[in-house]
Amino acid sequence: MDRIRLMLIDDHPIFLEGLTTLVKIGYPEIEVVGSFNDPRSAIRDVETLRPDIVLMDIRMPTMDGVEATRRLRTLVPDIRIVVLTTFKDIDLIQKALAAGVKGYILKESPVESVIENIKSVLSGNVLLPAEFAEQVAWERQDRHDDHAKLRHDHGELPAVVQSLTNREREILELMLDNQSNSMIADRLFLSERTVRNYVSRVYEEIGIHDRAGLLLWAIENDLR
């Protein structure tokens, strides 16, 4: 089995060196392919190193983790990024998630928990500290309700839509809002695999095979 390719970014050298050493000694299934004090250097080398996942601080002097996330994902779109930080700031969490961060871990967490979370994110999950998860979920739901097409913006729905479960209908709404599977997973706190399963069921119920067909179906049924 291939080893997990991990990149570390933190502007505190002692913390960075300590974490690098702990991972190398205690977790042979993980290869630290690069450790950087400056996210700009990581951005420069990411296409060469091709990490599976990046563990990064969010507040650094040369570039914050939110901007670094955007740039890293532009260069390597399928990269997974997890923030490891001391900052318990809900606004910062929201910005990080919007930029594409897949996990937000506090530095007070034991290293065993950090490694478990890395593996969980690589399995398609999105992770937040328990004390923040509910608040983020409520705020996202409020924004989602403001844009809920199927429930509020249209009259009587096609029978096939009415036959969907509440979750399937929610997935359909987000698909019609041009949300990718990854974005839907982030928004609803589901794994991408779970979202793919829901998307497949929606396609099957409607009788289409892809998003282009879904768009045409939505236009024909006055849902767009």
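Some points to look at:
- Residue order, fewest to most beta carbons within 10 Å, for 63, 175: 63, 175
- Using a simple spin-label model with pseudo-atoms 7 Å out from Cα toward Cβ, residue 208 and residue 31 lie 4.2 nm apart.
- Taking all Cα-Cα distances within the range 4-131, those exceeding 27 Å account for 7%.
- For residue 127, distant residues with modelled amide H under 5 Å away: 103, 104
A short reminder: the numbers here are calculations on the coordinates, not readings from a lab. Everything numeric here is computed off the predicted structure, so don't read it as measured data. Using ideal geometry, Cβ is built from the backbone for each residue, glycine included, and neighbour counts are taken over all protein chains shown.
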